[in-house]
Amino acid sequence: MLATAGLVVALAGGALVGLPGPAGAAPPGPLAQAPKFASLLYDTDPNTTLIVSGQGPDGAVVGAGVTPTRGALRQEPSGTNVLGERARDNAYRIAKVSATALVGRTASQMAAIIRHAIDGGCTELIRGVVHNFGCASHLVTIDEASPTFANPATGGSGYAGRHLSQAMALLARTASPWGTSYAARVGIYVDAGVTVSIDVGHGRNHNLNARGKPQYAAFTDLMPGLARAGALWVEMYQGVRIGAGTAPMTPAEWRTLPGRFVGFLEAYGGNVTSVHYMFGNAGAPTRSCADPQACVWSLAALPGINRAVLANGPGEYRLGGQAAAWLAQFDNYFPSPANVPLLGW
């Protein structure tokens, strides 16, 4: 799930620790939730428990809690039923396919692996023991679309990107028993090695430098597959750890990356309605930003594409010690329950 650090460092060229700016977090204002609002929680059990319950380890109330009635989904595998008791939360548990299980496969083999995860829920063989995590959502994520899926001439692993797009085309033509195509039940984590490259790249394919020469990875093989997915969970953090969390995107990246990524996606038939942010640790406080999560969310809520993506519902990954701060921002921007039927992503 961590982004590809080397590529991001080479492209971003900025500080990866701390959040330098903005001058202050914009006053939070409730956003109108998109029709298919969802919030995907991909974190440790203690952090997820805090976010879902709204209570800290000492029992103190820190927020309203992000439950399934507010759009919460839980990425499996995990340790506990933090979304509910006695399997009431199984319909909100999301299965996962590792990208390593797909690379090197043909399109039909990829499609079969993804469809099996959707049909069969989330069982995993861990140290020789089969564990059933009780997924009944019939949704799956692919963890993750990285530079491994770039065009082969620009650093990708063979035709992984092309084969994934072909697999998604096969799944898009196949109706599922749950009222959507199989492709619509697929979510894909998109790491910073992909999005930062698209953000800094020039030209129609976002792979040229400022002099018009090829320099960055090209993702034209991958983009048709991303466009067919039911949800894209864009990782807005770098591949560098901060304690138990991750390093944040820079403010400059927050301002340009969402719009450039969505614009590229739309060129392949995708839509902003499928795009979500995955928030990570927002770094340390600075003189200009005492509450890093508030500053990051204010960047996510900038008018235009940024705000449209945030309204689709935020996800989170390994917040470290900022779970309560992330929940506070969720409550500020989304105070009302989503109450959206889970028909797909």
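The values are calculated or read from the model by the stated rules, or taken from the named source; none is laboratory data. Remember, predicted model here, so these are calculated numbers, not experimental data. Ideal geometry is used to build each Cβ from the backbone, glycine not excepted, and the neighbour counts take in all protein chains shown.
Of all residues in the range 143-184, how many are within 17 Å of S108 (Cβ to Cβ) and touching a Phe, Trp or Tyr at 6+ places or on another chain (Cβ under 7 Å)?
Of the residues in that region, 5 qualify.
Scan (1) more than 20 Å from V52 (Cβ to Cβ); (2) in contact with a Ser or Thr (Cβ under 9 Å, 6 or more places away or on another chain); (3) of a type in the set (S, T, Y) for the single condition Y317 breaks and write down its number.
Unmet for Y317, out of (1) more than 20 Å from V52 (Cβ to Cβ); (2) in contact with a Ser or Thr (Cβ under 9 Å, 6 or more places away or on another chain); (3) of a type in the set (S, T, Y): (1).
Of these, R241, R211, which one is surrounded by fewer than 22 Cβ atoms within 10 Å (Cβ to Cβ), modelled with pLDDT of 95 or more and out of contact with any Gly (no Cβ under 7 Å at 6 or more places or on another chain)?
Checking each option against the conditions leaves just R211.
Could you look through the range 173-190, keep only residues that are touching a residue at least 40 places away in the same chain (Cβ under 8 Å) and farther than 12 Å from L226 by Cβ, and pick out the one that is surrounded by the fewest Cβ atoms within 10 Å (Cβ to Cβ)?
Once the filter is applied, the top-ranked residue is G179.
In the range 89-137, which residues are more than 16 Å from G187 (Cα to Cα) and assigned to a loop (DSSP other than H, G, I, E, B)?
D89, V103, G104, R105, T106, R127, G128, F133, G134
Just a yes or no: is a residue in the range 271-283 more than 17 Å from the chain's Cα centre (by Cα), at pLDDT below 95 and not aromatic (F, W, Y)?
Taking every residue of the range 271-283 in turn, at least one turns out to be more than 17 Å from the chain's Cα centre (by Cα), at pLDDT below 95 and not aromatic (F, W, Y).
Condition (residue is part of a helix (DSSP H, G or I), of a type in the set (V, I, T) and under 21 Å from L139 (Cβ atoms)) applied to the range 258-269: is it met by at least one residue?
no
Could you please find all residues in the range 171-209 being in a strand (DSSP E or B), aliphatic (A, V, I, L, M) and under 23 Å from N312 (Cβ atoms)?
Hits for the range 171-209 are V186, I188, V190.
Within the range 142-165, restricting attention to residues that are surrounded by fewer than 24 Cβ atoms within 10 Å (Cβ to Cβ) and β-branched (V, I, T), which residue is farthest from P214 (Cα to Cα)?
Among those that are surrounded by fewer than 24 Cβ atoms within 10 Å (Cβ to Cβ) and β-branched (V, I, T), it is T148.
Looking only at the range 46-72, which residues are on the phi < 0 side of the Ramachandran plot, part of a loop (DSSP other than H, G, I, E, B) and without any contact (Cβ under 8 Å) to a residue 24 or more places away in the chain?
Within the range 46-72, P57, D58, A60, T67 meet the criteria.
Yes or no: M168 within 19 Å of the chain's Cα centre (by Cα), of a type outside the set (S, T, Y) and either in a helix (DSSP H, G or I) or surrounded by fewer than 24 Cβ atoms within 10 Å (Cβ to Cβ) (or both)?
For M168, the condition - within 19 Å of the chain's Cα centre (by Cα), of a type outside the set (S, T, Y) and either in a helix (DSSP H, G or I) or surrounded by fewer than 24 Cβ atoms within 10 Å (Cβ to Cβ) (or both) - is met.
Scan the range 302-333 residue by residue and report those that are surrounded by fewer than 21 Cβ atoms within 10 Å (Cβ to Cβ), touching a Gly at 6+ places or on another chain (Cβ under 9 Å) and either of a type in the set (A, V, I, L, M) or without any contact (Cβ under 8 Å) to a residue 40 or more places away in the chain (or both).
Residues satisfying the conditions are I305, A324, A328.
Pull out all pairs, ordered by first then second residue, where Cβ-Cβ is under 9 Å, the residues are six or more apart or on different chains, the first lies in the range 85-104 and is within 17 Å of G120 (Cα to Cα), and the second is charged (D, E, K, R) and at pLDDT 95 or above.
Filtered contacts from the range 85-104: K96/D143; V97/D143; S98/D143; S98/E144.
Just one of (1) of a type in the set (S, T, Y); (2) in contact (Cβ under 8 Å) with a residue 60 or more places away in the chain; (3) more than 20 Å from D43 (Cβ to Cβ); (4) in contact with a strand residue (DSSP E or B) (Cβ under 8 Å, 6 or more places away or on another chain) trips up T123, so point out which.
For T123, the failing item is (2).
Answer with yes or no whether A227 is hydrophobic (A, V, I, L, M, F, W, C), in a helix (DSSP H, G or I) and more than 14 Å from E316 (Cα to Cα).
Yes; evaluated as a whole, the condition is true for this residue.
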